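Below is one structure, written out as structure tokens, with a few remarks after it.
The values are calculated or read from the model by the stated rules, or taken from the named source; none is laboratory data. Remember, predicted model here, so these are calculated numbers, not experimental data. Virtual Cβ from ideal backbone geometry, glycine too; neighbours counted across all protein chains shown. Heavy atoms of the whole protein, side chains included, go into the accessibility calculation; ligands, DNA and RNA do not. Shrake-Rupley method; radii C 1.70, N 1.55, O 1.52, S 1.80 Å.
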Amino acid sequence: MGTGAFALVLVLIVCAIGFELTRQSMLSIEKFGFSFWRTEIWDPVAGEFGALPFIWGTLYSSILALAIATPIALGIAVFISELCPNWLRQPLVFLTELLAAIPSIVYGLWGIFVLVPAVRAVEVAMPQALRALPIFSGPPLGVGMLAAGLILAVMVVPFTSSVAREVLKSVPSAQREGAYALGATRFEAIRAALFYARTGIVGAVMLGFGRALGETMAVTMVIGNNPRISASLFAPQYTMAAVLANEFTEADTQLYLNALIEIGLVLFVITLLVNSLSRVLIWSMQQSASAAPAAVVPLPAAEEPA
């Protein structure tokens, strides 16, 4: 009973955070309503606030990071769980977990001194025909969406790969043994294990997505912090977390402060939903793995002899 009370404290803390964010943003909610999330204007002097550029920047950078990080993270997970020699497995696991422990501000410094010059060099060397395309247009500054997506991808990889590795470890050995018994190659056996663990892998990817949504300092230092909507990978843009970090101490009116807190409220809800859904997916995969009878994932049918 006592330990249950301690667990209940966590639920109360989450509810208290949501309640306080809602209460502190009521002035903005009442004045702007849903137009707050459809308006591109962010003008604290005129008292006009629209969060669409920040929503766009948050989703764009997170999805870009996920597109870059997911293949790398799954490759790391497959190698460590299926292919890695025993003497190398623990050092790789340690290095993967070490990446997750590096502070965000350190990633930001690395991004400024390494990623930003690299992105600038790539943009300058890009053919003019490509730079004329909307996705590659923008000033050759180095700071922008691509730099933010790359640094987010580096930060997401250890989270996604660690969870995916644990999911692959939970795949019953009968899956692999059955595949080998049917004459499958090692690649086909690994593919069968990935298919069996697909729900948990999706959960791992979504967990990384939730991590990318809420990242603040590293992104703030390399994204350029310009509240505009652009499809360009090189244009400076903004995210919800970055605008909170940059402008919260500058809010000199109650409406300005409430608008920033409302951005925090939506970011809180989105992150909570994404992480909760990822945990549910991983849990459902583990339950099905323990409850369902061993069954080999069907392999491609072999060609019949002529």
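With a cut-off of 15 Å between beta carbons, the residues surrounding GLY33 carry a summed charge of -1, where Lys and Arg count +1 and Asp and Glu -1. Accessible area per residue for the chain is 52 Å², calculated with a 1.4 Å probe on protein heavy atoms, without ligands, DNA or RNA.
Spatial offset of the stretch 21-64 relative to the stretch 83-141 amounts to 29 Å, using the alpha carbon center of each. Comparing THR70, THR185, THR160 in a Gaussian network model of the chain where C-alpha atoms under 10 Å apart are linked, the largest mean-square fluctuation is found at THR185. Springs between Cα atoms under 10 Å define the GNM used for the chain, and in it the highest mean-square fluctuation of TRP110, TRP283, TRP87 occurs at TRP87. From most to least packed by mean Cβ count within 10 Å, the peptides 124-134, 93-103 give 93-103, 124-134. ALA189 sits among other residues whose Cβ lies under 13 Å from its own Cβ, and their net charge, with Lys and Arg +1 and Asp and Glu -1, is 0. Think of each Lys and Arg Cβ as +1 and each Asp and Glu Cβ as -1; about the Cα centre, that makes the dipole of the chain roughly 540 debye. Give me the percent of accessible area attributable to carbon and sulfur for the chain, probe 1.4 angstrom. Summing carbon and sulfur atoms, their accessible area is 71 percent of the total for the chain.
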